[in-house]
Amino acid sequence: MFRNSEINWGLISKALHWIGALMILTLLAHGWWMTHMVARPERLTNYTWHSALGFDLLVLMVLRILWRWMNPAPALPGDLKPWERMAVHLGHLGLYVLIIVVSLAGWVTANTMRTPVTKDLFGFDFPVIVSGVERSVRSLFEESHMILAYVLAALILGHVLAALRHHFVKKNDVLRRMI
Ligand code: HEM
Ligand code: HEM
């Protein structure tokens, strides 16, 4: 029930997938909102909250990757073509890599604020991994975090469309077994 089986995702994998998805969609929407709609003086509070949620996402991702490593994924439907199998593996790997890289770029951006942001939602302190960088380097961190976050958003859109294709076009249980 808790672990994955040959044909089904276990409860823990499902929880990690959906809690992670919720956190990431929140970070994307809130990240966009706080940098475009919020008046300057109120931004810092929002950057702090966004970063706190981001630190906790990183913790969740470490747990998720460890769990994935100890629990092989259920087999894909037998009728997938070789290019579809390749797309599944590359797509999922891309999601994992981008989530981690976007978060690390966010972490260094948060560290280079006038007062470095280091706390997660529960008040735990995360280390400052960069400090004393020039303005141009800070802009590079910020820019990378932004661009990669939107690349991640595009990949997520493709992921959701692929899941819906399995359900409505190919009519297999790929979506059902993740729910
Ligand atoms: C921020 C949003 C999301 C992210 C980052 C994400 C990420 C991932 C990743 C990395 C996997 C691969 C799991 C593994 O093999 O270890 C996965 C599987 C899956 N996701 Fe998502 N996901 C998101 C949202 C969604 C949504 C909205 C849906 C449904 C419409 C969905 C449907 C699925 C399904 C069905 C699988 C299982 C595929 C299989 O059984 O091989 N995901 N997701
Ligand atoms: C997958 C995880 C994350 C996503 C999807 C995400 C998404 C975003 C987005 C969309 C923006 C707005 C970019 C713009 O349009 O200007 C943003 C900004 C920001 N994010 Fe994240 N973020 C994530 C993780 C993190 C983490 C882990 C931290 C810090 C620990 C962080 C810190 C920041 C900061 C400080 C800004 C403001 C940058 C600026 O000065 O403009 N983010 N994020």
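Does residue 62 meet the test of being touching a helix residue (DSSP H, G or I) at 6+ places or on another chain (Cβ under 7 Å) and β-branched (Val, Ile, Thr)?
Numbers: touching a helix residue (DSSP H, G or I) at 6+ places or on another chain (Cβ under 7 Å): no; β-branched (Val, Ile, Thr): yes.
No.
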Residues satisfying the stated conditions in segment 121-144, i.e. in contact (Cβ under 8 Å) with a residue 40 or more places away in the chain and under 19 Å from residue 43 (Cβ atoms): 121
Which of the residues spanning segment 127-144 are open to solvent by 40 Å² or more (accessible area, probe 1.4 Å) and assigned to a loop (DSSP other than H, G, I, E, B)? 127, 128, 129, 131, 132, 133, 134
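Could you check, for segment 15-30, whether at least one of its residues is away from ligand 1 (no atom under 16 Å from the Cβ), open to solvent by 30 Å² or more (accessible area, probe 1.4 Å) and more than 21 Å from residue 104 (Cβ to Cβ)? Show your work before the answer.
So in segment 15-30, the residues away from ligand 1 (no atom under 16 Å from the Cβ) come out as none.
Scanning segment 15-30 turns up no residue that is away from ligand 1 (no atom under 16 Å from the Cβ), open to solvent by 30 Å² or more (accessible area, probe 1.4 Å) and more than 21 Å from residue 104 (Cβ to Cβ).
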Of the numbered conditions (1) within 30 Å of residue 114 (Cβ to Cβ); (2) modelled with pLDDT of 95 or more; (3) open to solvent by 80 Å² or more (accessible area, probe 1.4 Å); (4) more than 8 Å from ligand 2 (Cβ to nearest atom), residue 41 fails exactly one; give the number of that condition. (2)
Just wondering, is there one or more residues in segment 96-107 that are more than 11 Å from ligand 2 (Cβ to nearest atom) and open to solvent by 80 Å² or more (accessible area, probe 1.4 Å)? no
Residues of segment 44-81 being open to solvent by less than 50 Å² (accessible area, probe 1.4 Å) and charged (D, E, K, R), in sequence order, are 56, 64
Residue list for segment 147-179, filter: without any contact (Cβ under 8 Å) to a residue 40 or more places away in the chain and within 16 Å of ligand 2 (Cβ to nearest atom): 147, 150, 154, 157, 160
Restricting the search to segment 151-169, which residues are more than 11 Å from ligand 1 (Cβ to nearest atom) and surrounded by 13 or more Cβ atoms within 10 Å (Cβ to Cβ)? 151
Identify, from the list 13, 51, 5, the residue that is small (Gly, Ala, Ser), more than 14 Å from ligand 2 (Cβ to nearest atom) and assigned to a helix (DSSP H, G or I). 13
May I ask you to list pairs of residues, at least six apart or on different chains, whose Cβ atoms are under 8 Å apart, with the first in segment 28-39 being without any contact (Cβ under 8 Å) to a residue 60 or more places away in the chain and part of a helix (DSSP H, G or I) and the second being open to solvent by 30 Å² or more (accessible area, probe 1.4 Å) and among the hydroxyl-bearing types (Ser, Thr, Tyr)? 34/47
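Working carefully through the options 56, 79, find the one that is more than 29 Å from residue 140 (Cα to Cα) and either within 16 Å of ligand 1 (Cβ to nearest atom) or modelled with pLDDT of 95 or more (or both). If you could, list the steps in order and put the result at the bottom.
Details: 56 fails: more than 29 Å from residue 140 (Cα to Cα).
Exactly one residue qualifies, and that residue is 79.
The values are calculated or read from the model by the stated rules, or taken from the named source; none is laboratory data. The shown structure was predicted, so the numbers you read here are calculated from the model rather than taken from an experiment. Backbone-built Cβ (ideal geometry, glycine too); neighbour counts: all protein chains shown. For accessibility, only protein heavy atoms count, side chains too; no ligands or nucleic acids. Shrake-Rupley method; radii C 1.70, N 1.55, O 1.52, S 1.80 Å.
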